[in-house]
Amino acid sequence: MLSRVRDSVRTWIKKIAKPFARAGLSPNHITVIALLVGILGGLLFYWQKAWLAGVVILLGGFFDVIDGAVARLTGRVTRFGGVLDSVFDRITDAVLYIGVLAGGLGSLLGEPEWILPVFALLGSMLVSYVRARAESAGSGKLDVGIAERAERLLILAIGAFLNLVPFALLIIVVLTFFTVIQRVWEARLRLT
């Protein structure tokens, strides 16, 4: 859903990316910065600084959008850059959910602390995996679904701001598994 918004604000993103491109930062450098910011977010969850983790999640999301824009601006779009970005996104996702778990911020109704963060992580990984697997099988770009990465990070950040991290996790769990079903269904339609 938010990927459609990104398409409509591409000119604005391009303007913001220009100073980064002029500064000589490569897209891969910005991808590494996004990873480091994501790790900081996970640590902040671990330290039970949820509100600050929410700010850091949004900052990391900013860098995650800018790296691709800098790549396009500078003519440095590479397949490796796409792979690196995708791998670092998965690491960031894992670190954020592990930080929530380790910080004891994951229980909604007294259930074991691990349930919501683990299932949020599993759902997030499956959303990405189904897309990657279907696309490699020839489905074409499979960006369908209501809980792509940007939506998940925004939900987690809002939950962190409102000190409602377990509620955010529950929403992420439901939406990610729904998205997995959507993507598997769409892949079936395209590949059979």
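The values are calculated or read from the model by the stated rules, or taken from the named source; none is laboratory data. Predicted, not measured: the structure shown is a model, and the values here were computed from it. Positions of Cβ are backbone-derived with ideal geometry, glycine not excepted, and every protein chain shown enters the neighbour counts. Just the protein is used for accessible areas: all its heavy atoms, side chains included, with ligands, DNA and RNA removed. Shrake-Rupley method; radii C 1.70, N 1.55, O 1.52, S 1.80 Å.
Every listed requirement among (1) surrounded by 18 or more Cβ atoms within 10 Å (Cβ to Cβ); (2) without any contact (Cβ under 8 Å) to a residue 60 or more places away in the chain is met by Val165 save one, (2). In segment 99-116, of all residues being in contact with a helix residue (DSSP H, G or I) (Cβ under 6 Å, 6 or more places away or on another chain) and among the aliphatic types (A, V, I, L, M), the one that is nearest to Pro166 (Cα to Cα) corresponds to Leu108.
Just one of (1) open to solvent by 70 Å² or more (accessible area, probe 1.4 Å); (2) among the hydrophobic types (A, V, I, L, M, F, W, C); (3) within 20 Å of the chain's Cα centre (by Cα); (4) more than 16 Å from Ile57 (Cβ to Cβ) fails for Val144. It is (1). Annotation note: Cβ proximity below 7 Å between a residue of segment 126-147 that is over 14 Å from Val184 (Cβ atoms) and a residue that is of a type in the set (Asp, Glu) (sequence gap 6+ or interchain) occurs for Lys141/Glu135.
Can you tell me which residue in segment 11-51 is most open to solvent (accessible area, probe 1.4 Å), limited to those that are free of Cβ contacts under 8 Å to residues at least 12 places away in the same chain and not small (Gly, Ala, Ser)?
Result: Arg22.
Step by step: first the residues of segment 84-141, then only those that are in a helix (DSSP H, G or I) and of a type in the set (S, T, N, Q), then the one that is most open to solvent (accessible area, probe 1.4 Å). Which residue is that? Ranking the candidates gives Ser136 first.
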